[in-house]
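**Student:** The structure that follows is given in the form of structure tokens.
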Amino acid sequence: MKYLLVALAVLLSALLPGSASAYIGPGAGFAVGGSFLVLFTALVSALIILVTWPIRTIVRSIRFRKVYARSRIRKAIVLGFDGMDYTLTTQLLDEGKLPNFAKLQEQGCFKPLLSTIPPISPVAWSSFQTGVNPGKHNIFDFLTRDRKTYAPKLSSTDIKGPLRTLSLGRYQIPLGRGDIRLLRKGVPFWKTLGEHGIFSNIIRVPITFPPEQFYGLQLAGMCVPDLRGSQGIFSFYTTGTDGNGDNTGGEVYQVNRTGNHIKAELSGPHDPMLKARVGLKCPFEITIQDATSAVLHLNGATCALTTGQYSDWIPVTFKASLGMKVRGICRFLLIAAEPDFKLYVTPINIDPDKPVMPISHPQVYATYLAKRQGRYATLGLAEDSWALNEQRISDDQFMEQCLQTDRERVSMFFDALDNIGRGLCVCVFDGTDRVQHSFWRQLDPEHPAHRGSYQQAAEPAIEKIYRNADKILGETMKKCRDRNTLLMVISDHGFNSFRYGIDLNRWLEENGYLSLTENGRGKKNLAGVDWSKTRAFAIGLSGIYLNLKGREAQGMVDSGAEAVQLREELAEKLQGFIDPLHGKPVIKRVYNAMKIYQGPYKQDAPDLLIGYNAGYRAAWETAIGEVTGQVVHDNVKAWSGDHCIDQSLVPGILFSNRMIHDEHPRLMDIGPTILEMFGVPVPSHMDGKSLQVDGSGQKAIS
Amino acid sequence: MSGLIYFLFIVNSAANTVCGLVFAPIAMFPGWLSITIISAVLGIPLFIIFKYTSNQRALTRTIDDIKASLLAVRLYRDNIAVTMKSEARLMLCSVKLFVFSLIPVLIMSIPLSLILAQMGLWYQARPLQLGDAPAVVKLQLNTASPKWPDVTLDARPGARIVAGPIRIVSRKEICWTIQPVQEGNHLLTFHVGDQQIVKQLAIGTGFMRVSAKRPGTDAADVIMHPLEQPLSAAGPVASISIAYPARHSFICGTDWWLVWFCIISMISALLTSPFIKNRFSA
């Protein structure tokens, strides 16, 4: 635009030398010239659109006349509250604390929504968007194993550097973009809608990174990495001595104070122009004003910091070799200025204004949102629960982060609602999930963390986030008064207490299915396992894999009868497993992937999926492939609620402004239902079925 | 001399002294080079002044809004309501952008006028040259009386009078044509009644400061012709001007030097904008 402006100015000046005498300097010249250019552009584009729009509309009407004729609705809105629990919602509805949800229930219905097996967000939302069981979309957990190394890796996305580089001494010049692949298979139902001329605006639905092309707009959600390519690494700077120890999900830096000044660095991604893996740094300085305030100096800009208050999103530029720059954004939170300085910095998010990775479709949609509402969190798991787990931020500070993220989401969601005429709008809010994960200890007196060092908040956090959801719904309902609008509020799963972690690998070891090498205990990424003597292993949050020949790198179990027998044997033993410390059955049901899944990818699934009983979940160590010395672990982290248990124990919610007659709706039925409501035939490969919605038989909307 | 004219004279005197020194090298360089260097260098401080005299926050908001509206038209192109809403928003933003630039325009108009007037002395016209066709010298009388004072011109030693005086009664003007005879900075001496008034005359081949007019009490004239002291409002002469020849060049020629200044100063500002971090346009 700047260059266009200069070109225009040059042209005008050249055509009219006399007008140059009115020139008042470059800045004002640009501004005044720019204002005329904008006016000119607006008028010309308005004219073009007014001329072409009727033609395009007629063409679309003819092309998609059958779909439009069958359509029962003009607009469908799906408001997703990740992890909103059926039982808790019912309880709060009964207490009159969710008036807008109650109103929606009165208008239409409120039902439990059956999640997937396992009821985990990546799996559940993948089934929501594709309308198929996990055997057809290939997502079975957050994590899967690398078949060559057995190490855990993200199941949904594969991020690699550019396929080709030009080598110049110590430099490597990328030839092309990085190779980023979405591992979720299947076709989202909004793509099918698009093929029939229905526009969709999809905001932050999990497992949509990198975004796929379709007729509509999409901002990617869960699994969008931070600037370092991780799922979120916070930074904590302190002059105190509490910087030692193991910090999961973050890095702690000890800094020195000289007078009122503290110098430190933000850690960025590796220098993409160097062969050696050298991390980029962005220096910053803090000037302490008094006990409650300081000034941040970063990239030539300053920002006032006050204790307990998050800064706005601050752009950060990392200077790489050969003049290349990598841009991100982060928030700063001054926790204490004196006596010990403590500063928390969020993971460095991809800057939505100038994204370095594709986080939206089309790519300018992320920029559009940043221009419209200001910069916003782009990280998949934007709410930094690890900083809370590590007690680097307080309950209130974490809660504020969740609410801030939801506020950003509200802006983009309402903008989409205002801009959609005929079509679908889906927006997923994550705050409900993160807050329940982190504050379930407040609801569960028997939780090991309930009596821990965590301070009990004056207002129950979970109730607060549910009421926030109710407020969002209230505003949404005001925008959905049109009787041709279908409004659905859904969640992917419910919640329950996570009191005890189960080290499945230790259980397998105790029962003779897994062996460790000498000194193998405590090693991450299953690096301590003796694969020549291991028949089964666990990784991720709900699965046990057989060490199958031909599938795993060092497989030892035949995939035929031996595997069948081993699956049954393990399932039987696990279902009978009683917690030796508390005397309760740990597992409600064990699912055989070969029996519950259908589709081309079921061979990649964990062989057994563990449906834990309430109160239990896979231990933190199991998720990352570490074998501990005991099976049952007290969970004393803030992360005290979870849903990685048997699907029957954590139903999600389904509200609709129209009555739905089915007794047991499933998450994977939502897509087919919306297709049906728009008059689009449901693809035969979909496992979900169209629900019986009131108004389905109404006259078509022209 | 009124207070305003006297103030402008003082300011011009200071500007003449400073710019006389700063711009002196112009005489030694080719015109295209000197105007390019001056424009490029001046573009930067002018740009910085804009940064600190404009409401950058409001400009940023408006520019972001413009970009968002343009993108909305593209992203929701099949929704005519969004398109029209965005178009309306764009128009509102263009008005806002214009309004936000008014204050810096007002503030910058003062220094920029002074600078442009000083540059105009060098580039707007070329000096008379030996062998040139005779140039017209015009004296504007400041009298309401039909009886005009006796006026004579002594053009020596720089020039000789070829014709005149010619009196144009309707315009209260007396004109002469003069032929340059000697290079250098000279003075034309006018005897008006019992008063003696001088006007600078530039004759030479290179770049020289050329004052085409000795102004009277018109403030705009005083700003645009800063080199000579304004004539007294109470005196018999309103102004004296010399029709210097135009300089023929698309870079540093008459009028075109301003175009070149616009282009180069904007390019210079644009190149430095990443360092100055100025918001000025969508």
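**Student:** Looking for something more than 14 Å from chain B (Cβ to nearest Cβ), outside any helix (DSSP H, G or I) and open to solvent by 10 Å² or more (accessible area, probe 1.4 Å) - is there at least one such residue anywhere in the range A:61-77?
**Tutor:** The initial filter retains those residues of the range A:61-77 that are more than 14 Å from chain B (Cβ to nearest Cβ), namely A:62, A:65-67, A:69-73, A:76-77.
From what is left, the residues that are outside any helix (DSSP H, G or I) are A:71-73, A:76-77.
Checking the rest, the ones that are also open to solvent by 10 Å² or more (accessible area, probe 1.4 Å) come to A:72.
Yes - at least one qualifying residue is present in the range A:61-77.
**Student:** Could you go through the range A:603-622 and let me know if any residue there is surrounded by fewer than 21 Cβ atoms within 10 Å (Cβ to Cβ), in a strand (DSSP E or B) and more than 22 Å from the chain's Cα centre (by Cα).
**Tutor:** No, the range A:603-622 contains no residue that is surrounded by fewer than 21 Cβ atoms within 10 Å (Cβ to Cβ), in a strand (DSSP E or B) and more than 22 Å from the chain's Cα centre (by Cα).
**Student:** Exactly one condition in (1) outside the structural domain of A:Gln442 (by TED's automatic domain parsing); (2) open to solvent by less than 10 Å² (accessible area, probe 1.4 Å); (3) under 28 Å from A:Ile670 (Cα atoms); (4) not β-branched (Val, Ile, Thr) is not met by A:Asn635; state its number.
**Tutor:** So A:Asn635 meets the others, but not (3).
**Student:** If you take just the strands (runs of 3 or more DSSP E) that sit entirely in the range A:137-197, which of them hold at least 2 residues that are farther than 20 Å from A:Gly380 by Cβ? Give the steps one after another, and end with the answer.
**Tutor:** Working: elements: A:143-145, A:152-154, A:157-168, A:171-182.
Ranges flagged: A:157-168, A:171-182.
**Student:** Now for a different question. Run B:Gly184 past the list (1) touching a residue at least 12 places away in the same chain (Cβ under 8 Å); (2) within 14 Å of chain A (Cβ to nearest Cβ); (3) small (Gly, Ala, Ser); (4) surrounded by fewer than 21 Cβ atoms within 10 Å (Cβ to Cβ) and report the number of the one that doesn't hold.
**Tutor:** Looking at each condition in turn, B:Gly184 falls short on (2).
**Student:** For residues that are outside any helix (DSSP H, G or I) and buried (at least 20 other Cβ atoms within 10 Å of the Cβ), scanning just the range B:100-131, find the one that is farthest from the other protein chains (Cβ to nearest Cβ). It would help to see each step written out before you state the result.
**Tutor:** Pass one, the range B:100-131, residues outside any helix (DSSP H, G or I): B:124-131.
Subsequent filtering for residues that are buried (at least 20 other Cβ atoms within 10 Å of the Cβ) retains B:124-128.
On the way: B:Gln124: 10, B:Ala125: 15, B:Arg126: 17, B:Pro127: 21, B:Leu128: 23 Å.
Filtering the range B:100-131 for residues that are outside any helix (DSSP H, G or I) and buried (at least 20 other Cβ atoms within 10 Å of the Cβ), the one farthest from the other protein chains (Cβ to nearest Cβ) comes out as B:Leu128.
**Student:** May I pose another question? Only one of these is closer than 30 Å to A:Asn419 by Cα and facing chain A (nearest Cβ under 7 Å): B:Leu97, B:Leu70. Name it. Reasoning before the result, please.
**Tutor:** Working: B:Leu70 fails: facing chain A (nearest Cβ under 7 Å).
Sole residue among the options that is closer than 30 Å to A:Asn419 by Cα and facing chain A (nearest Cβ under 7 Å): B:Leu97.
**Student:** Continuing with this model, one more query. Just checking: which of the strands (runs of 3 or more DSSP E) contained wholly in the range A:303-372 hold 1 or more residues that are within 14 Å of another protein chain (Cβ to nearest Cβ)? First the steps, then the outcome.
**Tutor:** Values: elements: A:314-319, A:325-330, A:332-336, A:342-345.
Result: A:314-319, A:325-330.
**Student:** Counting just the residues of the range A:377-422 that are hydroxyl-bearing (Ser, Thr, Tyr) and open to solvent by 30 Å² or more (accessible area, probe 1.4 Å), which one comes out nearest to the other protein chains (Cβ to nearest Cβ)? So that I can check it myself, show each step before the final result.
**Tutor:** Our first condition is that a residue be hydroxyl-bearing (Ser, Thr, Tyr); within the range A:377-422, this holds for A:378, A:385, A:394, A:405, A:411.
If we keep only those that are open to solvent by 30 Å² or more (accessible area, probe 1.4 Å) too, we end up with A:394, A:411.
Numbers: A:Ser394: 32, A:Ser411: 12 Å.
Top of the filtered list is A:Ser411.
**Student:** In addition: Can you go through A:Arg551, A:Arg483 and tell me which one is part of a loop (DSSP other than H, G, I, E, B), without any contact (Cβ under 8 Å) to a residue 60 or more places away in the chain, farther than 30 Å from A:His582 by Cα and not acidic (Asp, Glu)?
**Tutor:** On the way: A:Arg551 fails: without any contact (Cβ under 8 Å) to a residue 60 or more places away in the chain.
Exactly one residue qualifies, and that residue is A:Arg483.
**Student:** Filter the range A:290-302 for residues that are within 14 Å of chain B (Cβ to nearest Cβ) and open to solvent by 30 Å² or more (accessible area, probe 1.4 Å) and give the result.
**Tutor:** Keep residues of the range A:290-302 that are within 14 Å of chain B (Cβ to nearest Cβ), which gives A:298-302.
Once the filter is applied, which keeps residues that are within 14 Å of chain B (Cβ to nearest Cβ) and open to solvent by 30 Å² or more (accessible area, probe 1.4 Å), the range A:290-302 yields A:Asn299, A:Gly300, A:Ala301, A:Thr302.
**Student:** On the basis of being under 28 Å from A:Glu562 (Cα atoms) and among the hydroxyl-bearing types (Ser, Thr, Tyr), does A:Ser491 make the cut? Steps first, answer last, please.
**Tutor:** On the way: under 28 Å from A:Glu562 (Cα atoms): no; among the hydroxyl-bearing types (Ser, Thr, Tyr): yes.
No; evaluated as a whole, the condition is false for this residue.
**Student:** Checking the condition among the polar types (S, T, N, Q), farther than 29 Å from A:Ile55 by Cα, surrounded by 18 or more Cβ atoms within 10 Å (Cβ to Cβ) and facing chain A (nearest Cβ under 9 Å), which residue from B:Ser34, B:Ser86, B:Ser54 passes? Spell out how you get there, then give the answer.
**Tutor:** On the way: B:Ser34 fails: facing chain A (nearest Cβ under 9 Å); B:Ser86 fails: farther than 29 Å from A:Ile55 by Cα.
Of B:Ser34, B:Ser86, B:Ser54, the one residue that is among the polar types (S, T, N, Q), farther than 29 Å from A:Ile55 by Cα, surrounded by 18 or more Cβ atoms within 10 Å (Cβ to Cβ) and facing chain A (nearest Cβ under 9 Å) is B:Ser54.
**Student:** Scan the range B:226-239 residue by residue and report those that are open to solvent by 50 Å² or more (accessible area, probe 1.4 Å) and hydroxyl-bearing (Ser, Thr, Tyr). Can you show your working first?
**Tutor:** As a first pass, look at the range B:226-239 and keep what is open to solvent by 50 Å² or more (accessible area, probe 1.4 Å): B:229, B:232-234.
Across the range B:226-239, the qualifying residue is only B:Ser232.
**Student:** Quick check on my filter: what residues within the range B:135-157 are part of a strand (DSSP E or B) and among the charged types (D, E, K, R)? Before the answer, list the steps.
**Tutor:** Taking the range B:135-157 first, the residues part of a strand (DSSP E or B) are B:135-141, B:151-154.
B:Lys138, B:Asp154, listed by residue number.
**Student:** Still on this structure: Can you pull out the residues in the range B:134-159 that are within 12 Å of B:Thr189 (Cα to Cα) and surrounded by fewer than 17 Cβ atoms within 10 Å (Cβ to Cβ)?
**Tutor:** Looking only at the range B:134-159, we keep the residues that are within 12 Å of B:Thr189 (Cα to Cα), and these are B:137, B:139, B:151-159.
Once the filter is applied, which keeps residues that are within 12 Å of B:Thr189 (Cα to Cα) and surrounded by fewer than 17 Cβ atoms within 10 Å (Cβ to Cβ), the range B:134-159 yields B:Thr152, B:Asp154, B:Arg156, B:Pro157.
**Student:** Here's something else I'd like to know. Of B:Ile267, B:Ile242, B:Ile223, which residue is closer than 30 Å to B:Leu102 by Cβ, out of contact with any Gly (no Cβ under 9 Å at 6 or more places or on another chain) and surrounded by 15 or more Cβ atoms within 10 Å (Cβ to Cβ)? I'd like the intermediate steps shown before the answer.
**Tutor:** Values: B:Ile267 fails: out of contact with any Gly (no Cβ under 9 Å at 6 or more places or on another chain); B:Ile242 fails: closer than 30 Å to B:Leu102 by Cβ.
Every option except B:Ile223 fails the conditions.
**Student:** Given the options B:Ile66, B:Ile26, name the one that is β-branched (Val, Ile, Thr), assigned by TED's automatic domain parsing to the domain that holds B:Ile267, buried (at least 22 other Cβ atoms within 10 Å of the Cβ) and under 17 Å from the mean Cα position of the chain (by Cα).
**Tutor:** Working: B:Ile66 fails: under 17 Å from the mean Cα position of the chain (by Cα).
Only one candidate passes the filter, namely B:Ile26.
Yes/no per residue for (1) at pLDDT 90 or above; (2) in contact with a strand residue (DSSP E or B) (Cβ under 8 Å, 6 or more places away or on another chain); (3) at positive phi:
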| site | (1), (2), (3) |
| --- | --- |
| A:His447 | yes, yes, no |
| A:Gln455 | no, no, no |
| A:Gly474 | yes, no, no |
| A:Cys480 | no, yes, no |
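**Student:** Can I ask one more? Yes or no: the range A:639-650 includes at least one residue that is modelled with pLDDT of 95 or more and assigned to a strand (DSSP E or B).
**Tutor:** Looking for residues that are modelled with pLDDT of 95 or more and assigned to a strand (DSSP E or B), one finds at least one in the range A:639-650, hence yes.
**Student:** Take the residues of the range A:175-211 that are in contact with a helix residue (DSSP H, G or I) (Cβ under 7 Å, 6 or more places away or on another chain) and of a type in the set (D, E, K, R): which is farthest from A:Trp125 (Cα to Cα)?
**Tutor:** So the residue we want is A:Lys185.
The values are calculated or read from the model by the stated rules, or taken from the named source; none is laboratory data. Everything quoted here is computed from the prediction, not taken from an experiment. Heads up, the Cβs are rebuilt from the backbone with ideal geometry, glycines too, and the neighbour counts pull from every protein chain shown. Ligands, DNA and RNA are stripped out before the accessible areas are found, and what is left, the full protein with its side chains, is counted by its heavy atoms. Shrake-Rupley method; radii C 1.70, N 1.55, O 1.52, S 1.80 Å.
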